[in-house]
Structures are given as C-alpha cells and as structure tokens.
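Asker: Here it is: the structure, laid out below.
The numbers here are math on the coordinates, done by the rules we state, and not lab data. Note that the structure is predicted; figures quoted are calculated from it, not measured. Cβ coordinates were reconstructed from backbone atoms using ideal geometry, including for glycine residues, and neighbour counts include every protein chain displayed.
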Amino acid sequence: MVNTTYQVQGMTCGHCVSAVSAEVGAIPGVQDVQVDLAAGRVTVSSDQPLDPAAVRAAVDEAGYDLVDA
C-alpha cells in the first residue's frame, strides 16, 4: 500500500471534502481517500504510486487546486 499526501487549496466545507474524495477516489488503484479540511491535506492510499497528473486532474475536476510540492 502506498500513502501519499497532497496539499489542496480552496476547500472550505463538507461539500468540498465530498467532491475531492469522489474525484480522487475514482482514480484507478485508489483504495482510500482521507481529507483533512482544516489543514487542506488529502491523503490517498493506493495499491501503486499514482500518476501526479491524474491526481491533479481529479482535484481540478472537483473544482480545487493541487499545490505543487
């Protein structure tokens, strides 16, 4: 299992958490998505390392911005 944490800007409420969780959770290989709204962090558990472009696209589709590390 691979756990990766991403910083996401623009999340402010429970709907934000649901939207990001749904979009990122739809990426093939993702097993779990945990969103820390207060910290703006999304931790993704997957069965293999994820393509950063796929994560960025999913966060963008949800309406938020992935912060470059």
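Asker: In the set (1) 33, 10, 8; (2) 29, 13, 9; (3) 17, 12, 11, which value of semi-axes √(5λ) of the Cα gyration tensor in Å was calculated from the structure you see?
Answerer: Derived directly from the coordinates: (3).
Asker: Quick one: 3J(HN,Hα) in Hz for region 28-37, Karplus 6.51/-1.76/1.60 with θ = phi - 60°, rounded, Gly and Pro as x.
Answerer: x, x, 6, 9, 7, 10, 10, 10, 9, 4
Asker: Okay, helix-only estimate at 222 nm for the chain: each DSSP H run of n ≥ 4 adds -39500 (n - 2.57), divide by all residues, round to 500 deg cm²/dmol; what do you get?
Answerer: Values: 2 runs with 23 residues, N = 69.
For the chain, the value works out to -10000 deg cm²/dmol.
Asker: Please get the size of the charge dipole for the chain, origin at its Cα centre, with Cβ charges of +1 on Lys and Arg and -1 on Asp and Glu, quoted in debye to the nearest 20.
Answerer: Numbers: 2 positive and 9 negative charges, 26 e Å.
Dipole magnitude for the chain comes out near 120 debye.
Asker: Note the angle between two axes, namely the Cα long axis of helix 14-25 and the longest principal axis of the Cα atoms of the chain, as a number of degrees from 0 to 90, rounded to the nearest 10.
Answerer: 20
Asker: Using alpha-carbon pairs under 8 Å, 6+ residues apart, how would you state the relative contact order of the chain in percent?
Answerer: On the way: 111 pairs, mean separation 30.9, N = 69.
That works out to 45 percent.
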